[in-house]
Amino acid sequence: MPEIEETVAAQPIRRRLPDERKAIVHHFNVGGYEGYLTVGFYEDGRPGEMFITTAKEGSTVSGLMDCFATAVSLALQYGVPLKVLCDKFSHTRFEPSGWSGNPEIGYAKSLMDYIFRWLGIRFLPPNSPSPTGAEGEAKALAPAYLLGDGSGTDQTDAPVCKGCGAIMTRSGSCYRCANCGSTSGG
């Protein structure tokens with residue numbers, strides 16, 4: 001019988017935040033569901049913990065959000081890059097969802113979608129340099145589906161259904177909701 005060589009896996013190391021640290025509190029509203037996101041920072045300005053306060057204290061949603069925030073905080077402290085978390089949880093879809101009132105985010109598909117898209121916007125470097133001047137301001141405020149030459153071939157996102165809030169798909173010259181069947185009437 002061949003001898004099996006034992007290997008010892010490296011143990012992850014938790015980098016705790018200092019006892020006294022800077023933090024930011026962000027108020028959010030997703031489809032009328034309000035809450036607060038608190039992000040604590042390491043000395044170098046990187047996020048190292050988060051707290052999510054929603055609904056009534058002691059409610060199921062509040063308890064789940066509190067546990068989820070603890071898990072994300074531990075992931076950050078054990079070295080999981082924020083980008084990995086943002087890529088994983090952005091665009092997850094479940095209720096509550098709806099308009100956020102945040103012009104950088106617009107429609108949020110869930111609380112997780114809003115939180116991680118906001119974290120990405122706030123703490124991750126942009127993927128490409130942003131345009132400058134009046135054209136850049138217009139593009140920054142325009143939804144992605146309105147950008148390009150208007151042909152729809154360069155579409156990166158579609159509008160949300162005014163009836164149910166689902167993402168619509170192109171159907172000829174307008175958009176159709178696969179969820180409830182309504183159209184944009186274009």
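Readers should treat all values here as calculations from the given coordinates under stated rules, not as data from a laboratory. As the structure is a computational prediction, the values presented were derived from the model and not from experiment. Reconstructed Cβ throughout: ideal geometry from the backbone, glycine too, with neighbour counts over all protein chains shown.
How big is region 23-123 on each of its three principal axes, counting only the C-alpha atoms and giving the largest first in Å?
Taking the Cα atoms of region 23-123, the three principal extents are 34, 31, 22 Å.
Report the chymotrypsin sites (Phe, Trp or Tyr not before Pro) located in region 23-107 that are in a DSSP loop and have at most 13 other Cβ atoms inside 10 Å of their Cβ, or state none.
Values: sites: F28, Y33, Y36, F41, Y42, F51, F68, Y78, F89, F94, W99, Y107; in loops: Y42, Y78, F94.
Counting only loop positions with at most 13 other Cβ atoms within 10 Å, the chymotrypsin sites (Phe, Trp or Tyr not before Pro) in region 23-107 are Y78, F94.
Step through the residues of region 107-122 one at a time and calculate ³J(HN,Hα) from phi using the Karplus curve (6.51 cos²θ - 1.76 cosθ + 1.60, θ = phi - 60°), rounding each to whole Hz and writing x for Gly and Pro.
7, 9, 6, 5, 5, 4, 4, 4, 4, 7, 5, 5, 4, x, 5, 7
Test of understanding: extend the Cα→C-beta vector of K83 to 7 Å, then name every residue of region 43-66 with backbone N under 20 Å from that spot.
It comes to 44-49, nothing else.
Going by C-beta contacts inside 10 Å, put I52, I105, I121, I115 in order with the fewest on the left.
By the 10 Å Cβ count, ascending, the order reads I121, I105, I52, I115.
Enumerate by residue number the GluC sites (Glu not before Pro) in region 1-103 meeting two conditions: DSSP loop (anything except H, G, I, E, B), and at most 11 other Cβ atoms within 10 Å of the site's Cβ.
Hits after loop and neighbour filter: E3, E5, E6, E20, E43, E57.
Subtract the Cα-Cα distance of S59 and N29 from 0.36 nm times their separation in residues, and report this length gain in nm to one decimal.
Stretched out fully, the S59 to N29 stretch lengthens by 9.0 nm.
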